[in-house]
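Colleague: This is the structure I want to talk about, given as structure tokens.
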């Protein structure tokens, strides 16, 4: 057989192979673009998520879920609650009330983050911040108290800005306690989140409640107080009975910290 | 996830550049070029020497190809805009495509790497991040992936060196090398790509010229934090690390007490019992007994130091895990209370402590 006889067939076969290769390459390119687009969307989602959860927690949650087996760990909990905000809401336009509340949370979150804490939960006008929950923190009690003092200063600054807008000043109560809790991913399905559970959480909440009774803005438990050094000015409050505890608990009002000492 | 280059907040330069023509000439001789960072650390001999070593690190036990990948992802993980930009540019100069580099930064599992290389890069991120610091199992996984135990030790050394140098970049807010970054994708970058193997060999030969003989374990153990360096015996980097630690503690810009305490604070932040024990032993020799040590580290305050140096204890804790904006603002505030040389030394000590305590994972 001569070359010219099978050349057309060979050229046809070559063209078919080239077309198939071109089609496959195009398809591969489209798949890569889709994959890249999917990755970009996941990255965006992750960055959005990082607004609410520390970045390394997001990384760990998106990696090996087994890395989040529940465990007991020592954590310091800070509860903060606005005084009289519910009544205030009744008087204010809802958009203004939400604007005030969001501004408040932004100031508190920044103060907490400056001292190695993470806001774990917002409930109405209250918040729960954790210190030492996501990673070992040898200074967690001190950090929580410094964060609360920073929150006090931040609230004063925020109230000045509210006054300029002829809006009422806010007041809060903060309770801090530490202890061993169970930390892990709690809940099920879309309602699951990283959190802590255990009796110390309840105690911290009760201590925050005592700030109303004692008419002070910041109380800490004995367990927290013993880990503060002499630069922290504290005043012992009378023992108080709280729900769920057989014996009255002793709390301390933190008045401030010595200015000269570089603690932040 | 780690930040991308253009997402990293970066402040104005925090420490002044100090021109030192003789030192810059030495840097050019040993590295082939001088860098912005050289002028920032020039006033402190121990610091500039260790910085130069970190930026000219040569592997002897681990695969050479991994150094550039590891340097970039470690710098990315540490959010050092300066180092990350330079390392990214070097990868381009070495001929890696933008697509490949992009995958290293974002989605390592899509990059054309083998399993052992991916394991190494995961180790880079894990050790740099240290939340928590990697356990022995991660080291064993690298050995199982086919690396020798000495190669794994050298990998940890490389990461520790970059954790050190990345912090020098972050805490000084070293201005990015825009020239190198810009040239990498252009004609100059292509020319450099052609001559880079030659430059690498020249740099390696010059580095060998300044390296001392490899230290044995007994020699290493004698330096401050020497026990941490013992696993590096047999690697050239060990003697460089030893000389940096000895030089740091001998330098007079800050008191040796505050330096030991800064190491202790970093050790406690990273929950490193080995480095904390080394700090205790060192400080005991400086007259700080066990009780005083515990009080100082628990309160992050040491009346014996005076306000300028005492403020370094809270600050150094913030250099372990940080966001660049806040840590650079904090650094600027702390340095304002110190003489310039002491401020620079504080940055050097914080960086060295971070590198050393991460390296201590080799003792686990």
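Readers should treat all values here as calculations from the given coordinates under stated rules, not as data from a laboratory. Owing to the predicted nature of the structure, the values given are computational and were not obtained by experimental measurement. Using ideal geometry, Cβ is built from the backbone for each residue, glycine included, and neighbour counts are taken over all protein chains shown.
Colleague: For helix B:256-269, what angle does its Cα long axis make with the longest principal axis of chain B, in degrees from 0 to 90 and rounded to 10?
Modeller: 70 degrees
Colleague: Assign one of three labels to the protein assembly as shown, namely rounded, prolate or oblate, based on the Cα gyration tensor with a ≥ b ≥ c the square roots of its eigenvalues; rounded applies when a/c is under 1.5, prolate when it is not and a/b is larger than b/c, and oblate otherwise.
Modeller: Oblate is the answer for the protein assembly as shown, as a/c is 1.5 or above yet b/c matches or exceeds a/b.
Colleague: Here's another thing I want to ask about it. Using Cα springs under 10 Å in a Gaussian network model of chain B, which residue among B:264, B:217, B:54 shows the largest mean-square fluctuation?
Modeller: It is B:217.
Colleague: How large is the helix-only mean residue ellipticity at 222 nm for chain A, computed as the sum of -39500 (n - 2.57) over DSSP H runs with n ≥ 4, divided by its residue count, in deg cm²/dmol to the nearest 500?
Modeller: On the way: 7 runs with 127 residues, N = 264.
Dividing the helical sum by the residues of chain A leaves -16500 deg cm²/dmol.
Colleague: Another one. For helix A:94-114, report the angle its Cα long axis makes with the longest principal axis of the Cα atoms of chain A; keep it between 0 and 90° and round to the nearest 10°.
Modeller: Tilt of helix A:94-114: around 90 degrees.
Colleague: Separate question: Determine the gain in length on full extension of the stretch residue A:255-residue A:161; use 0.36 nm per residue of separation and subtract their C-alpha separation, reporting nm with one decimal.
Modeller: Stretched fully, the residue A:255-residue A:161 segment lengthens by 31.5 nm.
Colleague: So, R0 is 51 Å and r is the distance between the beta-carbons of residue A:226 and residue B:5; what FRET efficiency does that work out to, to 0.05? All intermediate terms of the calculation are to be shown ahead of the outcome.
Modeller: Details: r = 46 Å, r/R0 = 0.91.
Calculated transfer efficiency: 0.65.
Colleague: Starting from the Cα gyration tensor of segment A:99-182, take the square roots of the eigenvalues, sort them a ≥ b ≥ c, and report rounded, prolate or oblate (rounded when a/c is under 1.5, otherwise prolate if a/b is larger than b/c, else oblate). The partial results should precede the final answer.
Modeller: Values: a/c = 2.60, a/b = 2.08, b/c = 1.25.
Since a/c reaches 1.5 and a/b is larger than b/c, the shape of segment A:99-182 is classed as prolate.
Colleague: For A:224, A:203, which order do you get if you count the other beta carbons within 10 Å of each Cβ and list the fewest first?
Modeller: So the residues, fewest neighbours to most, are A:203, A:224.
Colleague: For A:77, B:262, B:3, what ranking results if the residue with the fewest other Cβ atoms within 10 Å of its Cβ goes first?
Modeller: On the way: A:77 32, B:262 25, B:3 19.
By the 10 Å Cβ count, ascending, the order reads B:3, B:262, A:77.
Colleague: Here's a follow-up. When a/c reaches 1.5 or more, the comparison of a/b and b/c decides; with that in mind, is segment B:5-211 rounded, prolate or oblate per its Cα gyration tensor? Numbers along the way, then the final one.
Modeller: Numbers: a/c = 1.41, a/b = 1.35, b/c = 1.04.
Verdict is rounded for segment B:5-211.
Colleague: Using only the alpha-carbon atoms, how far is helix B:149-172 inclined from the longest principal axis of chain B? Give it as 0 to 90 degrees, nearest 10.
Modeller: Long axis of B:149-172 versus the principal axis of chain B: about 80 degrees.
Colleague: In whole angstrom, note down how far apart the Cα centers of segment B:287-364 and segment A:159-236 are.
Modeller: 29 Å
Colleague: Still on this structure, I have one more. Specify the inter-centroid distance of segment B:65-88 and segment B:103-178, based on alpha-carbon positions, in whole Å.
Modeller: When both Cα centres are located, 10 Å separates them.
Colleague: Could you estimate the translational diffusion coefficient of segment A:204-264 from the Stokes-Einstein equation, with Rh from the Kirkwood formula over C-alpha pairs, at 4 °C and 1.567 mPa s, in whole µm²/s?
Modeller: Values: Rh = 12.3 Å.
For the chosen part, D equals 105 µm²/s.
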